[in-house]
Amino acid sequence: MNKSVAINKKTKVLVVGDFYLEMQERALADAFEQIGCETYRFAWCDYFFGYNTRGYNGLYDFLKWVYYRFQNKFLFGPTLVKLNRDLLAYAKKVNPDLIFVYHGSHIFSSTIRKLKESGFVLFAYNNDDPFAAYYPKYYWRHYLRPTKYFDHILVFRQKNVEDYKQKLGYTKASILMPDYIESRNFPIEKLPTDKYVCDVVFVGHYENDGRDDYIKELINSGIRFKLYGPNWENSPNFQYYKEKLGEIRPLLLNEYNLALNSAKIALVFLSHLNNDTYTRRCFEIPAMKVFMLSVYTDDLNHFFEEGKEAAYFRNKEDMMSKIRYYLSHNEERARIARAGYERLKRDGHETKDRARQIIELFNNQHNSKL
């Protein structure tokens, strides 16, 4: 198959991934379309009954759920074989210029090799850290084994660029930063409800990295605080949080934007398990013109200057001190939030900006081979 293409033609992109979360594969595929690419999607979540849910009713459905859940968790079995076979057939049918594999946990090394042998250009991306000790060894085996067959691998953090080079001898890795989605993350001038109104909010998952102590201190302070996100039932303080805050749950669809817009200060904690120095939320919050108070990192301070475009804390006492200060300085808080928004827009961190970066990288690599 001859994959030589003219750079000025409409680029055909096939995005491969689970397509479960709207802000990941779905948002990127939409962005490719919005910048003018002919875009195709291959979603493996469609292959698994009750994907990421306990979606069963009765014994038959339960057994069916267990059958698919086992394969989805341990990444082997007839369902995996079928989806890989179907991907090969679909790629040959649509004949894309670029195949973009998002996460790639379910795609066999043999499938990637066959796609490469068929002449396709292959990019991979992972916003998690596949080298982190947190993950069981089996989890990223399909993703890491075919590394040498990829024309380029995009990663979330600088650490992984070095991981690929030092651990796998792969030198064609570069960073694709997180982003925000313009249609989902935006300022709300007039709130439609006061349900989410508070002084401080944290929207994010529970992780056993010390954030529990920060959250408990904030609750005990008497400051109006709201907490949303998954896995907080794993916290040893969960019952205490429920007594003080009520139900703690993930936010759905437009709730996320509304809840953050309803707070004076939005907190950011970073995942130690993934070795993060920034996260998607660091771009979503400024996109809403909401004041961001985050754990300090040099990377974040590079994107949003401390005291001018965002605020940062180094420890629990520093966090509480800055929360009290900025809650009592409304004009300064609003000025910093507005400056963060303007910096975000000026630098370009929307999903379409990332899609353009990928296509530019594809075009540059293709030009170098002509």
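The values are calculated or read from the model by the stated rules, or taken from the named source; none is laboratory data. Everything numeric here is computed off the predicted structure, so don't read it as measured data. FYI the Cβ positions are ideal-geometry reconstructions off the backbone, even for glycines, and counts take in every protein chain you see.
The single residue among 155, 161, 94 that is among the aliphatic types (A, V, I, L, M) and buried (at least 20 other Cβ atoms within 10 Å of the Cβ) turns out to be 155. Taken over segment 211-252, the criterion of being in contact (Cβ under 8 Å) with a residue 40 or more places away in the chain and within 22 Å of the chain's Cα centre (by Cα) is satisfied by 211, 251.
Within segment 236-250, does at least one residue satisfy the condition of being in the same structural domain as residue 321 (by TED's automatic domain parsing), at positive phi and not aliphatic (A, V, I, L, M)? Checked segment 236-250: at least one residue is in the same structural domain as residue 321 (by TED's automatic domain parsing), at positive phi and not aliphatic (A, V, I, L, M). Residue pairs whose Cβ atoms lie under 9 Å apart, separated by 6 or more positions or on different chains, with the first residue in segment 344-366 and touching a residue at least 24 places away in the same chain (Cβ under 8 Å) and the second crowded, with 21+ Cβ neighbours inside 10 Å and of a type in the set (Ser, Thr, Tyr), are 344/180; 349/180; 350/180; 351/180; 358/125; 359/11; 362/11; 363/11. The number of residues in segment 154-184 being of a type in the set (Lys, Arg) and closer than 19 Å to residue 286 by Cα comes to 1.
Just to be sure, is residue 140 farther than 23 Å from residue 355 by Cα, aromatic (Phe, Trp, Tyr) and buried (at least 19 other Cβ atoms within 10 Å of the Cβ)? It is true that residue 140 is farther than 23 Å from residue 355 by Cα, aromatic (Phe, Trp, Tyr) and buried (at least 19 other Cβ atoms within 10 Å of the Cβ). Candidates are the residues of segment 319-370 that are of a type in the set (Gly, Ala, Ser) and in contact with a Phe, Trp or Tyr (Cβ under 7 Å, 6 or more places away or on another chain); the one that is farthest from residue 12 (Cα to Cα) is 337.
Given the conditions (1) in contact with a strand residue (DSSP E or B) (Cβ under 9 Å, 6 or more places away or on another chain); (2) more than 21 Å from residue 41 (Cα to Cα), and given that residue 135 satisfies all but one, which numbered condition is not satisfied? Just one mismatch for residue 135, condition (1).
On the basis of being out of contact with any His (no Cβ under 8 Å at 6 or more places or on another chain), closer than 25 Å to residue 274 by Cα and not assigned by TED's automatic domain parsing to the domain that holds residue 89, does residue 152 make the cut? So residue 152 does not fit the description; no.
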